[in-house]
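To keep things clear, I will list the structure first and then write my remarks on it.
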Amino acid sequence: MKFEEHVELQSPKLKNDNIYLRPTRLSDYDAVKAYRQNIDNCRYIRPPDTDEEVYRIVGELSKSWKLTQGVWNGLAICLTDDDTAVGEIVFRVEDWQHQRAELGYRLSDTVAGKGVCTQAADLLISYLFHEIGFFKVSAKCDPRNIASYKVMEKLGFKREAFFKGHYLMGNEWTDQYDYGLLASEWKNK
């Protein structure tokens, strides 16, 4: 790893020709609330967040990154021609000793199916491997969330596990796919 555990980093700004990732701001609250409270959007992730939960999440994602095991760090996803947050891309140190990060993402239905999430994940994964020095990035999803695991597979993640009745979401026990991607398997950028 290129950094010490518990170090704080300024959130980077990452971009390609179509999208850019920037630090989340408190002014993103309404945009984040729209997709975090959309029942269809939340169906396979977790129950919709309350207004208070959205405010707390936006506040947490607005802070500098902290490379502490279990702490989620993230960026807002924006289109190059609009500064409105259309999603979020996040990671947490899953295991510091074994240099693993876990990736997560949420996207507004307004841009779903246009490659935005795949591009955002591509940018963040490159940063996690090349700038921070993680050995492996993992990602998890409900098997019914086809769009989510398709993003992982497009990026080269391999399905490593299937867990039956693995977590409780609301009143329903749901299954989980676990995916992994090694730095050595990541495309050279």
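Under 14 Å from a label point set 7 Å out along the Cα-to-Cβ vector of residue 16, the amide N atoms of segment 103-147 belong to 113-127. For segment 8-185, the equivalent ellipsoid derived from the alpha-carbon gyration tensor has semi-axes of 22, 21, 16 Å in decreasing order.
Ordered by the count of other Cβ atoms within 10 Å of each Cβ, fewest first, 88, 172 give 172, 88.
From helices alone, the chain scores -6500 deg cm²/dmol at 222 nm; the rule is -39500 (n - 2.57) for each run of n ≥ 4 DSSP H residues, then divide by the residue total. All C-alpha to C-alpha distances of segment 1-69, sorted into 5 Å bins beginning at zero, yield P(r) values of 3, 15, 18, 18, 19, 17, 8, 2 percent in whole numbers.
Report the one residue of 146, 186, 55 whose Cα lies farthest in the direction of the positive end of the charge dipole of the chain (charges on C-beta: Lys and Arg +1, Asp and Glu -1; origin at the Cα centre). Of 146, 186, 55, it is 186.
Under 25 Å of direct C-alpha separation, and excluding same-chain neighbours fewer than eight residues apart, residue 114 reaches these lysines: 13, 15, 33, 140, 150, 154, 158, 187, 189. Here the residues 2, 15, ranked from fewest to most Cβ neighbours within 10 Å of their Cβ, fall in the order 2, 15.
The alpha-carbon positions of segment 122-189 define a convex hull whose volume is 93 Å³ per residue.
Using C-alpha pairs under 8 Å with a sequence gap of at least 6, the mean separation divided by the residue count of the chain gives a relative contact order of 19 percent.
Would you please give the FRET efficiency between residue 69 and residue 45, computed as 1/(1 + (r/R0)^6) with r the Cβ-Cβ distance and R0 = 25 Å, to the nearest 0.05? For R0 = 25 Å, the calculated efficiency reads 0.70.
Bear in mind these aren't lab numbers, they're just calculated from the coordinates by the rules spelled out. The model shown is predicted, which means the values in this text are computed figures rather than measured ones. Cβ sites come from the backbone with ideal geometry, for glycine too, and all protein chains shown count toward neighbours.
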